[in-house]
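A single structure is presented below for examination.
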Amino acid sequence: MRILIYGAGVIGSLYAVLLKEAGYDTTIYARGHRLEVLQNQGLLYKKNNIIKKVDIKVIDHLQDNAIYDFIFLTVRENQLYQALKELKSNKSKTIITMVNTLDNYEKWESIVGKGKILPAFPGAGGSITNNILDAALTPKIIQPTTLSEISGKKTKRTEQLLQILKHAHIPYQQVNNMHIWQLCHLRMVVPLADAYYQTENPKFVGQDKVVMRKTAIQLKKNFNTLYKNLNTLSPVKMHIFRYLPTSILIYILSQTFKSSFGKKFMYQHSMKAPDEMRELHKQFYYFTLNLRKLLLWVILFSEYTITIFVICFFK
């Protein structure tokens, strides 16, 4: 089993470590300073406060005929299209896109080829400090690695991928509609990231009662609007943002932001990738506005159609 991790940031590095240690033939694609570090030092990572090293193959150029069973694409959203253009000539059949997105997956397939995209999302977080990876998988109950075929069907390759994740002790789940799951995920993470940018001291945002209240209200609004428009949420636990009283949600958010979990999985990414999160913020609320306009036009068109039908019928 040959696996390529395309992207040597926190997520790519962590999955590379886990897959390599599980015995898979793993290669990591890197550039710039990160490439130099990996070539000279290997992949250094922290586990139980001990610094360890995994020797892994590193490349900075992908040959068209270099075939991998799976390519994990672990780049930021604002790096996605450049990566897809670089991957389009490669003959590997499956690209697992671990990217925050509101995009239509068919748009990605138009670049790399029909059937090559397998949408997914990582369940992990952390940082790279002094060239040492300090990251971890999120608990399964919170967010396992999530994936689905664009069609929502279970296929031979999804079953194969799930077996790989299981063997590497990576929590996972397969959903019916990855696009809806992504919409729900962004409805949650955009307001959480915004909270850090709305306070004077991001590290202590959990103590900012005004921002916590604003975040709780925005989360409830986001999920109520999405459910009203789509009549579904994925995963089902997202309904908690709709049903919890605002006061309780404020308390839970405050404690989450203050926790070690918040620091590792929320604070570090929001602070180190503000450009990505702000772009997602812009796309998310633009998408929401246009979704409302579309639904309004659908309603108006439906009413118009019914009116014309009634006039013609009784004429």
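The values are calculated or read from the model by the stated rules, or taken from the named source; none is laboratory data. Everything numeric in this text was worked out from a predicted model, so none of it was measured. Reconstructed Cβ throughout: ideal geometry from the backbone, glycine too, with neighbour counts over all protein chains shown. Please note that ligands, DNA and RNA were not included when accessible areas were found on the heavy atoms of the full protein model with its side chains. Shrake-Rupley method; radii C 1.70, N 1.55, O 1.52, S 1.80 Å.
With runs of 4+ DSSP H residues as the only contributors, calculate the mean residue ellipticity of the chain at 222 nm using -39,500 (n - 2.57) per run, divided by the residue total and rounded to the nearest 500.
Result for the chain, helices only: -16000 deg cm²/dmol.
For a quick check: with amide H placed at 1.01 Å from N, whose amide H comes under 5 Å from K93's, ignoring anything fewer than 5 positions away on the same chain?
Counting only residues 5 or more places away or on other chains, the set is Y68.
Take the Cβ-Cβ distance between V54 and K272 as r, set R0 to 22 Å, and report the resulting FRET efficiency rounded to the nearest 0.05.
Taking R0 as 22 Å, the efficiency between V54 and K272 is 0.45.
Another question, if that's okay. Check which residues have an amide H placed less than 5 Å from V99's amide H, if you skip close sequence neighbours.
For V99, whose amide H was placed from the backbone, the distant partners under 5 Å are A120.
Continuing with the same structure: Compute the helix-to-body angle for 246-258: its Cα long axis versus the longest principal axis of the chain, expressed 0 to 90° and rounded to tens.
For helix 246-258, the angle is close to 10 degrees.
What spacing in nm lies between the two simple spin-label points modelled at E86 and N65, each 7 Å away from Cα in the Cβ direction?
Spacing of the two 7 Å Cα→Cβ label points: 2.2 nm.
Mind listing the phi-derived Karplus ³J(HN,Hα) values for the stretch 89-100, rounded to whole Hz, using 6.51, -1.76 and 1.60 with θ = phi - 60°, and x for any glycine or proline?
Values per residue, Gly and Pro as x: 8, 6, 8, 4, 8, 9, 10, 8, 8, 9, 9, 5 Hz.
A further question on this structure: By its C-alpha gyration tensor, with a ≥ b ≥ c as the square roots of the eigenvalues, how is the stretch 1-136 shaped: rounded for a/c under 1.5, else prolate for a/b larger than b/c, else oblate?
Judged from the Cα gyration tensor, the stretch 1-136 comes out prolate (a/c at least 1.5, a/b above b/c).
7 Å from Cα along Cα→Cβ at both S247 and N78: what's the point-to-point distance in nm?
Spacing of the two 7 Å Cα→Cβ label points: 4.1 nm.
Please check which bits of the stretch 171-210 a label hung off S259 would reach, taking the label as a point 7 Å along Cα-to-C-beta and the cut-off as backbone N under 17 Å.
188-189, 192-193, 204-207
With a 1.4 Å probe and all protein chains left in place, how much accessible area per residue does the chain have, in Å²?
Averaged over the residues of the chain, the accessible area is 53 Å².
Probe radius 1.4 Å, ligands and nucleic acids ignored: give me the carbon and sulfur share of the accessible area of the stretch 15-130 as a rounded percent.
Roughly 44 percent, rounded to a whole number.
Okay, moving on. Which value in nm describes the separation of the simple spin-label points at N176 and K140, placed 7 Å from the Cα toward the beta carbon?
Taking the simple label geometry, N176 and K140 are separated by 2.2 nm.
Here is a follow-up. Please give the length that would be gained between Q198 and V210 if that part of the chain were fully extended, namely 0.36 nm times their separation in residues minus their C-alpha to C-alpha distance (nm, one decimal).
3.3 nm
Given the pairs K52/K166; K57/K107; K166/K264; K140/K263; K52/K272, which span a C-alpha to C-alpha distance of over 27 angstrom in this model?
Correct reply: K57/K107.
Now, a different point. Across the stretch 60-66, in residue order, what do the Karplus-derived ³J(HN,Hα) couplings come to in whole Hz, using 6.51 cos²θ - 1.76 cosθ + 1.60 with θ = phi - 60° and x for Gly and Pro?
Working through the residues one at a time gives 10, 8, 10, 6, 4, 9, 7 Hz.
Oh, and also: Tabulate in residue order the Karplus-calculated ³J(HN,Hα) for the stretch 41-53, using 6.51 cos²θ - 1.76 cosθ + 1.60 with θ = phi - 60°, rounded to whole Hz; enter x for Gly and Pro.
10, x, 8, 8, 8, 9, 9, 6, 6, 10, 7, 10, 9
Mind listing the long-range amide H neighbours of K47? Cut-off is under 5 Å, sequence gap 5 or more, other chains count too, H placed in the peptide plane at 1.01 Å from N.
K52
Find the Rg to Rh ratio for the chain, where Rh is the Kirkwood radius over alpha-carbon pairs and Rg uses the same atoms.
My calculation puts Rg/Rh at 1.02.
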